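Worksheet: one structure, shown below.
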Amino acid sequence: MNSSKSAFIATVVVALLAIAAAVFAFWNISEDEPMHIPDSEQVYRPPYELEDEMFSAAERLITNNHTLVRLYITHGIPVINEPYANTTDRPLGNPPEDGYFYSASSEFRTIEDVENLVRETFLADEAERVLNNSLDGGEPYYSEFGRIFGEKRANRDGITLGINEQFALAMHPYPKPNEDYHISWIDVGFDLIAISATRCELRIRLTINGEPDVIIRQMTNHDGEGWRLDRLVHE
């Protein structure tokens with residue numbers, strides 16, 4: 001690893017071009033560009049090997065978060081039309097009896113495909129909030145549609161992933177990006193501050209409502225299970 005890179009704070013620029021696709025470029029932080037470190041935290045300088053692990057984890061988690069924003073909020077995934085589709089009141093066919101259309105995605109075919117990505121990205125409590133679209137108080141977390149993905153009986157192609165009927169209709173024709181979504185995931189960057197061997201602060205630099213902004217998240221390696229984000233970055 002390049003020893004000139006800061007051992008505990010560094011900046012990464014991320015170009016998120018498509019689902020699960022990212023290009024990363026690294027810059028050194030000079031002494032002329034000081035960064036505020038929380039007064040309550042003692043500066044921790046990880047070994048280079050651990051620093052590399054932290055960077056790799058941050059890259060993965062930010063990319064996963066972007067993928068999940070697309071899946072749950074801005075784009076959804078294509079669905080299989082039910083019978084009797086028309087161009088007026090039933091563009092996707094008859095409403096499914098269980099409230100979920102079958103997935104037509106080649107990447108996400110089972111509920112486990114989606115749930116595994118969520119659980120590999122967030123701490124356990126946050127993963128449950130994302131999966132069930134709810135806060136502790138029971139209010140919708142990120143949309144008015146309720147639970148976005150559910151499990152269906154396997155069809156003849158072995159697909160068990162279901163997509164919320166109202167969400168699928170709102171995103172039809174796929175892909176139909178949510179025009180009300182106000183965060184741009186183009187040229188995303190982050191500052192990484194290592195607080196301990198198992199915890200980092202990520203200051204994720206995004207464009208929100210057309211203006212540069214920063215969202216702060218914690219990245220934790222809990223009980224050696226792997227790095228996870230504490231909260232979904234979605235607003």
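The values are calculated or read from the model by the stated rules, or taken from the named source; none is laboratory data. In this text the structure is predicted, and so the values were computed from the model without any measurement. Cβ: placed from backbone, ideal geometry, glycine included. Neighbour counts: every protein chain shown. Remember, those area values only see protein heavy atoms, side chains included, never the ligands or the DNA or RNA. Shrake-Rupley method; radii C 1.70, N 1.55, O 1.52, S 1.80 Å.
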Pairs please, first residue from the stretch 50-67 and closer than 12 Å to Trp227 by Cα, second anywhere and open to solvent by 30 Å² or more (accessible area, probe 1.4 Å) and of a type in the set (Phe, Trp, Tyr), Cβ atoms under 7 Å, 6+ apart in sequence or on different chains. Glu59/Phe24
May I ask you to list the residues in the stretch 108-160 that are aliphatic (A, V, I, L, M) and either in a helix (DSSP H, G or I) or farther than 22 Å from His222 by Cβ (or both)? Ile111, Val114, Leu117, Val118, Ala124, Ala127, Val130, Leu131, Ile148, Ala154, Ile159
Here are some conditions: (1) of a type outside the set (Gly, Ala, Ser); (2) under 30 Å from Pro212 (Cα atoms); (3) part of a strand (DSSP E or B); (4) out of contact with any Leu (no Cβ under 7 Å at 6 or more places or on another chain). Ile163 meets all but one. Which one does it not meet? (2)
Considering residues of the stretch 59-114 that are over 25 Å from Ile186 (Cα atoms), acidic (Asp, Glu) and surrounded by 15 or more Cβ atoms within 10 Å (Cβ to Cβ) only, the residue nearest to the chain's Cα centre (by Cα): Asp113
Search the stretch 178-225 for residues being outside any strand (DSSP E or B) and closer than 23 Å to Tyr72 by Cα, and hand back the single one that is most open to solvent (accessible area, probe 1.4 Å). Glu179
